[in-house]
1. Report, by residue number, each residue of segment 225-240 that is open to solvent by less than 30 Å² (accessible area, probe 1.4 Å) and in contact (Cβ under 8 Å) with a residue 24 or more places away in the chain.
2. Looking at Glu208, Glu297, Glu289, Glu311 in this structure, which one is out of contact with any Gly (no Cβ under 6 Å at 6 or more places or on another chain), in the same structural domain as Glu193 (by TED's automatic domain parsing) and of a type in the set (D, E, K, R)?
3. Name the single residue that is nearest to Arg381 (Cα to Cα) among those in segment 311-334 being acidic (Asp, Glu) and open to solvent by 30 Å² or more (accessible area, probe 1.4 Å).
4. Please go through segment 530-546 and give me each residue that is under 16 Å from Leu504 (Cβ atoms) and of a type in the set (Val, Ile, Thr), ordered by number.
5. Before we move on, is Asp432 acidic (Asp, Glu), surrounded by 16 or more Cβ atoms within 10 Å (Cβ to Cβ) and under 30 Å from Thr450 (Cα atoms)?
6. Ser232: within 11 Å of ligand 3 (Cβ to nearest atom), within 30 Å of the chain's Cα centre (by Cα) and farther than 25 Å from Arg539 by Cα, yes or no?
7. Pick from segment 166-208 the residues that are surrounded by fewer than 21 Cβ atoms within 10 Å (Cβ to Cβ) and within 12 Å of ligand 3 (Cβ to nearest atom): which of them is farthest from Lys151 (Cα to Cα)?
Amino acid sequence: MSKNREIGDIFDRIADILDLCEDNPFRIRAYRNAARNIRELSENIEDIAERDELTKIPGIGTDLADKIKEFITTGKINHYDELKKKFPEGLVELLAIQGLGPKTLAKLNKELGIKNLDDLERALDGKEILTLRGMGVKKIKDIKRGIELLKQSGERMPLGIALPLAEELIFEISRIPGTEGTIAAGSLRRMKETVGDIDILTMAENGERVVKAFTKLSLVKEVLAAGDTKGSVILKNGMQVDLRVVEPGSYGAALQYFTGSKAHNIKLRTIALDKGLKINEYGVFRGTENIAGETEEEIYKTLKLAWIPPEIREDKGEIEAALNSKLPNLVELRDIRGDLHMHSKWSDGKVTIEEMALKAKDLGYEYIAMTDHSPSSRIARGLSVERLYEKKKEVDTLNKKIKGIKILMGSEVDIRGDGTLDYPDEVLKELDIVIASVHSGFKMDRESMTKRMVNALHNPFVHSIVHPTGRLIGEREAYEVDMDEVIKTAKALGKALEVNSYYLRLDLNDINVRKAIQTGVKIVISTDAHLPDQLGMMRLGVATARRGWAEKKDVLNTMGLKGLTKWLNEVRDK
Ligand code: DGT
Ligand code: CA
Ligand code: CA
Ligand code: ZN
């Protein structure tokens, strides 16, 4: 799938440069949409090109299709190479800074000669910058905060990007003769929302040969190290991958060690020491005698612990829980019976309700909720009351036509500044499910934002608040909001909070999930899909819920349709 990613990345870069040129906004948006849609394809773009069906991809017209063909045949896009010459490379990268738009950046380049981050940071501390139009103390503070945020998220990559990449690598490595049991370790196996690098483990006799073959894979751009037990490379997208080759006798020990987290491992080591044992990546030892190493289970067993799921290996109480046989029985992807947040062409989704429903049925779901936007979300083409009722008719018709899956008529309703909702109550009550969210006025103070959300929860027809903190990984911080208060209110009213599975959201995050379920609030894991393939992001939401110790009983959409319908009605009767 690597060409998909490469082309997606180039289209995004083109959009960045066009942004700096203050080119036509529609063209810029077209490149960004295309980039996203290509990255999210479930099929190799080369295969689609071969069938001559590139223009069937949403957002791809003949012009972009030609550029894709050009890349597939020549490995480059001429237009991109030309555009790149217009600005220094370091300048384009600065567009990733939140609070610094293309217009300002172009001006900084033209008037102050800023070419890269160093230049920018220096300028921000100087006086000259204040002479630029539109540049004030507040703006400078925002840009500095943006730089800090970017540095924090730094080189870390969202799990949703790293995971498919790792899967592709694992597939390739497992095809290298002599390898067995190839598996991800590190933060990726723990399904952390971002990963610093990808760690992979494999078993083989001849390590040197395996490492050599690994460094020759087509995804690799640069080789950092290649020995007989370890290889490190940089991939074409800039991500680092560490491969470790181990012997069968220490496979479990190595997997345990390299899965981490470091804090979890340190705690394990102390437990081992208390028992007079030593634990490292080769095994568990009593003196010089190796007493465990082949499997992870036996490593934990020698320490009198049950096997601990990787997602909770963070030294946040899991070892104590394992000692007392109190480990949670974490929710699994196969427990999920339906998806309660998605969009169709009626608002800003890319396909019809029917196409979404059929894909969901393929996934084995019993139900979906079709939750298009409300009128305030103009960019997302939110539905007027009239169109909402038209849509409801279509849902009724489809429910008669499609067997084996129930479509719930819903809406993702904007929460206005004062916490009231974007449709009147008499409209809301006609809907099977109402999910509410904030799409504007992100910068409210903490108290007002908390009140806004609490008010929304108090609307008798609202079932849940979705993407409750609004954060976008690496792009936008969570709103200033007292999540404890929101959780408390949800508990009091018997309402649910969402774990949004979209890879940049994962919101609620693991920490808030744990708070919510400890308080007794149900979470609902949904995808917010705008395309059928995005329904597949459910696994990221489930992983986030698992990292927050969620069990099946904590998750609303593990209920069958009957149970769910009952729950939806009861919320409103309370
Ligand atoms: P990342 O890559 O920053 O997202 O996080 P990790 O957890 O994948 O960290 P990484 O790649 O540096 O190392 C992979 C695993 O190796 C880590 O989770 C635990 C283990 N490890 C690395 N360094 C140490 C160490 O100094 N002590 C112990 N006990 N384990 C370590
Ligand atoms: Ca790692
Ligand atoms: Ca590593
Ligand atoms: Zn949505």
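The values are calculated or read from the model by the stated rules, or taken from the named source; none is laboratory data. Just so it is clear, the model here is predicted, and its values are computed rather than measured. Methodologically, a virtual Cβ is constructed for each residue, glycine included, from the backbone with ideal geometry; neighbour enumeration extends over all protein chains shown. Note: accessible area is taken over every heavy atom of the protein model, side chains too, but ligands, DNA and RNA are not part of it. Shrake-Rupley method; radii C 1.70, N 1.55, O 1.52, S 1.80 Å.
1. Scanning segment 225-240 gives Leu235, Met239.
2. Exactly one residue qualifies, and that residue is Glu208.
3. Here the answer is Glu332.
4. The answer is Thr544, and nothing else.
5. On the way: acidic (Asp, Glu): yes; surrounded by 16 or more Cβ atoms within 10 Å (Cβ to Cβ): yes; under 30 Å from Thr450 (Cα atoms): yes.
Spelling it out, Asp432 is indeed acidic (Asp, Glu), surrounded by 16 or more Cβ atoms within 10 Å (Cβ to Cβ) and under 30 Å from Thr450 (Cα atoms).
6. yes
7. Of everything passing the filter in segment 166-208, Asp197 is farthest from Lys151 (Cα to Cα).
For (1) surrounded by fewer than 20 Cβ atoms within 10 Å (Cβ to Cβ); (2) of a type in the set (S, T, N, Q); (3) more than 18 Å from Ile161 (Cα to Cα), each residue gets a yes or a no:
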site: Asp484; (1), (2), (3): yes, no, yes
site: Ile487; (1), (2), (3): no, no, yes
site: Ala492; (1), (2), (3): yes, no, yes
site: Tyr502; (1), (2), (3): no, no, no
site: Asp510; (1), (2), (3): no, no, yes
site: Gln518; (1), (2), (3): yes, yes, yes
